[in-house]
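Before any comments, here is the structure.
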Amino acid sequence: MKPANRLRFVERRVYVNKPAYNSYGDRGEVSELVKKMILQQWWATDPDCYEDWAMQVNGEWRDVPVEKET
């Protein structure tokens, strides 16, 4: 499979743990459902139609790993 220059953003709902404190000051964790934007790239399976977007029907969308800069 070869990566193509087609990119898209999809929205996913994922659970994120966040700290929570009760009335006694004890720390715990609570799961919260949040929306996240995920960048995806098209990977074509047919190398003959690698450059032609209209012909790239065989392939899959894969998540692109994104790094946070500090």
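The values are calculated or read from the model by the stated rules, or taken from the named source; none is laboratory data. The shown structure was predicted, so the numbers you read here are calculated from the model rather than taken from an experiment. Because the Cβ atoms are built from the backbone with ideal geometry, glycine has one as well, and the counts that use them run over all protein chains shown.
Below is a table of values for the structure above.
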read-out: Selection within region 41-70 - at pLDDT 75 or above and among the small types (G, A, S); value: A44, G59
read-out: Neighbours by Cβ (under 7 Å, 6+ apart or cross-chain): first from region 37-63, under 18 Å from R8 (Cβ atoms); second at pLDDT 90 or above and β-branched (V, I, T); value: I38/V10; L39/V64; Q40/V10; Q40/V64; Q41/V64; D63/I38
